[in-house]
């Protein structure tokens, strides 16, 4: 994929949109775009590039990688915790890393930073498919804003597999709304570094109760682990902390039925009593409520193969690379302060992406457990046949008011023009 993208990313200055499956090496494309931008400058120290990702964990991951990789460049990260003093330091960085929401706050104060925006030459957008989620409207607005107002700006964006990538290319035109469409590069599953099989298993939700549904999912775990794991490590994503504990206990009680090679561990020391009990059988759980020491021990023992089945909340969906061959998403809803809600597309793709990591495997397998009514939705997601649509209409009034404050919209006609420059129209 990197070879076929090289001419567009490194040898041109066109906007470029790449759609490819998880685990195909998209980060390298961003780095090539940064090198291309540096080559156009008299001095690397004058580079101004922006990397936008939807989550703090992704931002932090890139910050750590690029801080050590681009040793002659300064890398700064903006978060909700960034103070005014730190903001001034980040503004001086060559590569700035932040979430869409944080960058929206900055660009709403456009007139406060005219020199900075005049120097900005490159915007890198990770996981641009979040446009289809409610918070995607913020990403849509800031890209529209920068593509219209920044001179000589280049945008390089990557997405999970979607069928209408050309729609995004028609929106993010090189040189602004009146320029040529961005170049669209499409790569299928054959470009994955690790071949990944995936299956969706649906369950009839006769209970209309998520807790009982979670227990129902357990009833097929042993059967499907035996069918798909090939006796290799298994990572199970659970919707709640209590579910990770309950699932690990359920599997431990039936460990004699598993064909996953396990080890009887007698020398593992853990602070949590319930965790210690199941870990003795090569099974463990992992969530943010455990001590840092316990979490570290479990991650290390899973990496060495002592722990063969690990039940976790979505905290392990990003960050630590673990040698899981089989990933099971045990239910497509998670619990929040508002009750049960569907995982975002990004959450699902990140969890699936933990199956068959390149450092450990040449193949991987991912299973999604969901209710009958959602089966088609997740099958389409995995096939890459779900059309990407704008969600700007969900927060349209808020964003129009922000553009009025920026003087981007000064009349009915300019409001219509602004709307036409978004992905929404």
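Since every read-out is calculated from the coordinates, none of them should be taken as a lab result. Because the structure is a prediction, the values reported are computed rather than measured. When we count neighbours, we look across all protein chains shown, and the Cβ atoms used for this are built from the backbone with ideal geometry, even at glycine.
Based on the Kirkwood radius over alpha-carbon pairs, what value in µm²/s does the Stokes-Einstein equation return for the translational diffusion coefficient of the range 84-242 at 20 °C and 1.002 mPa s?
The calculation lands on 108 µm²/s.
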Longest principal axis of the chain (C-alpha) makes with the long axis of helix 396-405 (C-alpha) an angle, in degrees to the nearest 10, of 40 degrees
Counting only backbone N atoms under 20 Å from a point 7 Å out along Cα-to-Cβ of residue 274, the residues of the range 225-246 in range are 235-246
In a Gaussian network model of the chain with springs linking alpha carbons closer than 10 Å, the residue among 204, 343, 51 that fluctuates most is 204
Reduced to Cα centres, the span from the range 269-330 to the range 186-255 in Å works out to 15 Å
Tilt, helix 27-39 to longest principal axis of the chain (alpha-carbon atoms), in degrees rounded to tens, equals 30 degrees
Taking every alpha carbon pair in the range 183-243 and sorting the distances into 5 angstrom bins from 0 up to the bin holding the longest one, the percent per bin comes out as 3, 11, 19, 19, 16, 11, 9, 7, 4, 1
Between residue 414 and residue 3, Cβ-based FRET efficiency (R0 41 Å, step 0.05) works out to 0.40
Put in order of increasing Cβ neighbours within 10 Å, starting from the fewest, 14, 376 give 376, 14
Both in Å, the radius of gyration and Dmax of the C-alpha trace of the range 325-397 are 14.7, 48
Nearest-0.05 FRET efficiency for residue 226 and residue 67 at R0 = 60 Å, using Cβ-Cβ distance, is 0.85
Longest principal axis of the chain (C-alpha) makes with the long axis of helix 136-149 (C-alpha) an angle, in degrees to the nearest 10, of 30 degrees
The equivalent-ellipsoid semi-axes of the range 266-307, taken as the square roots of five times the Cα gyration tensor eigenvalues and listed largest first in whole Å, are 14, 12, 9
Over the Cα atoms of the range 289-339 the radius of gyration and the largest Cα-Cα distance (Dmax), both in Å, equal 12.5, 38
If each part is reduced to its alpha-carbon centroid, the range 12-36 and the range 113-138 end up apart, in Å, by 15 Å
Residue separation between residue 11 and residue 383 times 0.36 nm, minus their alpha-carbon distance, gives in nm 130.8 nm
When 280, 146 are ranked with the fewest other C-beta atoms within 10 Å first, the list becomes 280, 146
GNM on the chain, Cα springs under 10 Å; top mean-square fluctuation among 382, 35, 326 goes to 35
per DSSP, antiparallel bridges as share of beta bridges in the chain, % nearest 5, sits at 10 percent
If one builds a Gaussian network model of the chain from Cα atoms under 10 Å apart, the most fluctuating residue listed among 88, 389, 31 is 88
Rg/Rh of the chain (Cα atoms, Kirkwood Rh), to two decimals, equals 1.00
Debye calc, one equal point scatterer per Cα of the range 2-191, no solvent, log10 I(q)/I(0) at q = 0.13 1/Å comes to -0.63
Using alpha carbon positions and the Kirkwood radius, the Rg to Rh ratio of the range 288-425 is 1.13
Hull surface over four for the Cα convex hull of the range 153-197, reported in nm², is 3.7 nm²
tail above 22 Å in the computed P(r) of the range 195-383, as % of all Cα-Cα pairs, reads 41 percent
Residues 217, 117 in order from fewest to most other beta-carbon atoms within 10 Å are 117, 217
